Every structure is written in C-alpha cells, then in structure tokens.
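J.: Questions regarding the structure given below will be posed in turn.
The values are calculated or read from the model by the stated rules, or taken from the named source; none is laboratory data. No experiment lies behind these values; they were computed from the predicted model shown. Note that we place each Cβ from the backbone using ideal geometry, even for glycine, and neighbour counts take in every protein chain shown.
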Amino acid sequence: MKKGHRPSKSKGGLPRFWGKHAVYAALDNPARNVRKLWATREAAAEIVLPDGLTISYAEAADLGRMVPKDTPHQGLVIEIDPLEDMWLADLLHEAEDNPNRPLIVLDQVTDPHNVGAIFRSAAAFNAIGVVTQDRHAPPESGTVAKSASGALESVPWIRVVNLSRALEEIAEAGFWRIGLSGHADSNLAEAIGSAKVAIVMGAEGEGLRQNVEAHCDLIAKLPISAQMESLNVSNAAAIAMYAIATRGE
C-alpha cells in the first residue's frame, strides 16, 4: 500500500464503495447486500433507503478518513458484501443471441482504475459481461466501483481459474475470439466478421500471454496513428466495443 493511502475495506475485510454513482447503483441493486451506510446530512437527503438499512450521519472529513486519501466520496460511503459468483457457463447460456453484444476477456489486467473504466464502457455498449482470472485481477473494491460509475451492479463479472480453458468454453458457445495486439497485421474492423465476438485484452506493456493468444481465433489491432505506440487498455476496450456494437450500420 502506498504511503498515506488508506484501505477501501473495513476492519472486517468487507469492501467499501463511495461516490454517488457507485452508492446509488448498489442501493438500487436487489442482488447487493449493503451492510452499512454513512452519509452527510446533505447527501442523505437525496437517498431512498432500502428496507432495513439506516444511515449513520457523519461529517465530510470523517468520511474522508474512511476512504483512500484525496478520494471524492461526495458525502456517501457504504460497506457491502461482494456479489455472488456467477459461472461462465450460466452467463453464456443466458446471453441473448445478439452478435452486437461483445464479451470482454481481460488477461491479467490488474489496475483497478482500468478495470473499472472497462466496466463502465461495457455497460455503455451493452456487453454481455467481463471475464477475468480470479488471481490476476483486482477484487471488488471502492476504486473499481468508483471508476465503473455504477456498472459493477449491471455488468456480470466472471472470475475463472484458467483463462485458456475459459476461452475454449467461449468458443464452444459460438464466439469469435479476437485478441487485441499492436503487433497484429489485421485491423479490428477487418477481423470482426458477423459472429458473436469476445475481445481478449492483455495488460499494458506485457500484452497477451502466449497461451492466451494461442486460444484466440485471430489477433487484430486498432488503426491508431504512428505518432502513438499504444492506447490505455480501457480506451482500447471502449473503441473495440464501439466497433462491435455499430458494425453493419
């Protein structure tokens, strides 16, 4: 932990979310168990409370001590239970037969701000869900939730033990698996085709691991200018999802 930063978990280890979008979305999600709510009186005046939940009133400075340093909590902090795990097979079974709904697979993308931003784009472009490894991805946290701007409550997050095996299962469900890499020969627009698409993305700098790349049907790149070597992974994910959502228009 960086010096001067506080954890976004309670002493009991439960995650804490903060900020209006993340807190409102969690309160509105019937699948989310919110254990505690702290709020300033101004922020509390705008909330409709779920049954059985009470507000602990606090000053803004007190809330600031409950979240990472210099984090804009907007007068709201909640303590929550993580959402129940969902199986990949159930997600693939429930997914609508709509080829313009992408599935996002992240290979060891660990930065919580990037993962949260990817969830926000996934909600914006009606993605089926986001798949990550259980060990090499950030946990559900306030930082992810704040960056996701409420999308953690609406976009399924599937954690798997083995990403390569998960990609095999995704292929069996009829998805065309496209790995994104700046070293590819084909552009994404040329690679998309008409089938359901799973976009597979690696961590910045390291990119896709060899075995994960081998489980993709095709490797493609975004047609960015030579003035810039690469894009932030969350920006690249948003562009890829837009390309899939708007193909054929």
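J.: Residues in region 220-238: is at least one surrounded by 20 or more Cβ atoms within 10 Å (Cβ to Cβ) and more than 25 Å from H113 (Cα to Cα)?
T.: no
J.: Among the residues of region 193-210, which ones are farther than 18 Å from F175 by Cα and either at pLDDT 85 or above or among the polar types (S, T, N, Q) (or both)?
T.: Scanning region 193-210 gives G202, A203, G207, L208, R209, Q210.
J.: Also, quick follow-up: Pull out all pairs, ordered by first then second residue, where Cβ-Cβ is under 7 Å, the residues are six or more apart or on different chains, the first lies in region 127-139 and is under 16 Å from N211 (Cβ atoms), and the second is part of a loop (DSSP other than H, G, I, E, B).
T.: Pairs that qualify, where the first residue is under 16 Å from N211 (Cβ atoms) and the partner is part of a loop (DSSP other than H, G, I, E, B), are Q133/Q108; H136/Q108; H136/T110.
J.: Does region 31-41 include one or more residues that are β-branched (V, I, T), modelled with pLDDT of 95 or more and within 23 Å of R135 (Cα to Cα)?
T.: No; the residues of region 31-41 include none that is β-branched (V, I, T), modelled with pLDDT of 95 or more and within 23 Å of R135 (Cα to Cα).
J.: Something else now. Does region 123-159 hold any residues that are of a type in the set (K, R) and buried (at least 23 other Cβ atoms within 10 Å of the Cβ), and which are they? Can you show your working first?
T.: Residues of region 123-159 that are of a type in the set (K, R), as a first pass: 135, 146, 159.
Of everything in region 123-159, just one residue is of a type in the set (K, R) and buried (at least 23 other Cβ atoms within 10 Å of the Cβ), namely K146.
J.: Filter the helices (runs of 4 or more DSSP H) completely within region 79-161 down to those with at least 1 residues that are closer than 23 Å to K196 by Cα and touching a Gly at 6+ places or on another chain (Cβ under 7 Å).
T.: Values: elements: 88-94, 112-124, 142-148.
Output list reads 88-94.
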